[in-house]
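Here is the structure we will look at.
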Amino acid sequence: MFKFLQQVSNYAKHTILAGQYIGQGLSVTFDHMHRRPVTVQYPYEKLIPSERFRGRIHFEFDKCISCEVCVRVCPINLPVVDWEFNQEFKKKELKHYSIDFGVCIFCGNCVEFCPTNCLSFTEEYELSVYDRHELNFDSVALGRLPEKVTLNLMVTALRELVYLPKDVLNPHGIPADEHRAGLLPSEMLEQAREDKDDVN
Ligand code: SF4
Ligand code: SF4
């Protein structure tokens, strides 16, 4: 009889514990239902890179004095500075300059130490290619300015994760009714329906 009562007591304890665990799990689920979605609908939405973002390097050919400081400070001697000595003007003349972004670790040494500031980081991070040799940018490709996320009419720029409100470090902490730079997927659908109705 005592053994039976002990079994019933154990069963009841485990039932209560199971109920507690289910309650804990559901509390996490309900907590998430009150949060705003933070998933970026790439490529229709893009995050605005931070001000000191280390994206693809921009190079200004006219400013370069072929000093090769960028090569010496680079941990892998990556930049290729191809110059010739101009006998007439007694100075170096830059012919070609290139950086292979398939190898670059974006440490920023070359940008930091260039004496003429002809190197700078851009906010471009979409560097995926089919052939890795395409990531070897010559001076023409390096001189191209990147397209700003905020100026691209085809993309909704989002401020989350980089431009959070003051004292908020976690995007989950933003109330659902806080102003949002972009539309939620449900709002996009709603807007698309309205646009369609207007056309009809
Ligand atoms: S960012 Fe760093 S690794 Fe890339 S080229 Fe400059 S110094 Fe070299
Ligand atoms: S450090 Fe600057 S100026 Fe000197 S070679 Fe490199 S890019 Fe040109």
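Nothing in this text is a laboratory measurement; each read-out follows from the coordinates by a stated rule. Remember, it's a predicted structure, so these values are computed and weren't measured experimentally. Glycine gets a Cβ as well: all are built from the backbone with ideal geometry, and neighbour counts include every protein chain shown.
Dividing the convex hull volume of the Cα atoms of the range 57-145 by its residue count, what figure in Å³ per residue is obtained? Each step should come with its number before you reach the end.
Details: hull volume 8.4 nm³, N = 89.
Each residue corresponds to 95 Å³ of Cα convex hull volume.
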Practice problem: Determine Rg/Rh for the range 1-153; Rg is computed over alpha-carbon atoms and Rh is the Kirkwood hydrodynamic estimate from the same atoms. | Solution: 1.43
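Would you please give the FRET efficiency between Arg144 and Gln191, computed as 1/(1 + (r/R0)^6) with r the Cβ-Cβ distance and R0 = 30 Å, to the nearest 0.05?
On the way: r = 33 Å, r/R0 = 1.11.
Here the calculated transfer efficiency is 0.35.
Below 8 Å, C-alpha to C-alpha, sequence gap of six or more: please give me the relative contact order for the range 9-107 in percent. Intermediate results must be reported in sequence, preceding the final value.
Working: 58 pairs, mean separation 16.7, N = 99.
Averaging sequence separation for qualifying contacts and normalising by length gives 17 percent for the range 9-107.
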Quiz item: Dividing the convex hull volume of the alpha carbon atoms of the range 1-59 by its residue count, what do you get in Å³ per residue?
Solution: 165 Å³
Exercise. Could you pull out every residue, at least 5 positions away or on a different chain, whose amide H is within less than 5 Å of the one on Thr156? Hs are placed 1.01 Å off N in the peptide plane, and Pro or chain starts have none.
Key: Glu45, Lys46
Practice problem: Just tell me which lysines come within less than 20 Å, Cα to Cα, of Lys91; anything on the same chain fewer than 8 places away is out. | Solution: Lys63
